[in-house]
1. Mind checking whether some residue in region 74-93 is within 18 Å of residue 39 (Cα to Cα) and away from the ligand (no atom under 12 Å from the Cβ)?
2. Is it true that residue 149 is part of a helix (DSSP H, G or I), at negative phi and either without any contact (Cβ under 8 Å) to a residue 12 or more places away in the chain or loosely packed, with under 13 Cβ neighbours inside 10 Å (or both)?
3. Output the residues belonging to region 103-116 that are farther than 18 Å from residue 157 by Cα and without any contact (Cβ under 8 Å) to a residue 60 or more places away in the chain.
4. Any idea how many residues of region 58-67 are near the ligand (Cβ under 9 Å from one of its atoms) and within 16 Å of the chain's Cα centre (by Cα)?
Ligand code: HEC
């Protein structure tokens, strides 16, 4: 048998058993499993409804994250705050997805965190989100006061809210 006729036979056998059909269908419906979604997609699914696609938020209601969210990482308690704020802590995303999303968010929105900053890890998210903030405004105000005193940034995280 020539290689070409062997290939034809294999093709005929595959069609007969339906193998080709199933594999092409499997490809057509190949949506990623929950853990495979990119942080950007998770942001679109869980966060942008309030924070908007570009992170700019809604005046008077939802803080702008762009060029702002990373500032919190420069003061004590800020790292925890970004996990414990209700939007982050109470989403449907897993601990691993949330850690990845926060790392992506800080990098994408900026400003850059201190050099000593270490990426969020799932076990940390797991622990912190259990104690999510029922009254985030209180801690937020304290952190902003700390940032004001620190004077590292011209403006503390946004004044929108
Ligand atoms: C229902 C609207 C809503 C959704 C959905 C939401 N957030 Fe928020 N987010 C807010 C509001 C409002 C604040 C200000 C603090 C507060 O009052 O909760 C905030 C604050 C934050 C902060 C702190 C920034 C600051 O300036 O205080 C981070 C970080 C954050 N959200 C991340 C996320 C992430 C990540 C998601 C998605 C997993 C998300 N949020 C989903 C409304 C939302």
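What follows is calculated from the coordinates using simple rules that are stated; it is not laboratory data. Because the structure is a prediction, the values reported are computed rather than measured. As a convention, Cβ positions derive from the backbone with ideal geometry for all residues, glycine included, and neighbour counts pool all protein chains shown.
1. No, because not a single residue in region 74-93 is within 18 Å of residue 39 (Cα to Cα) and away from the ligand (no atom under 12 Å from the Cβ).
2. Answer is yes for this residue.
3. Passing the criteria: 115, 116.
4. 2
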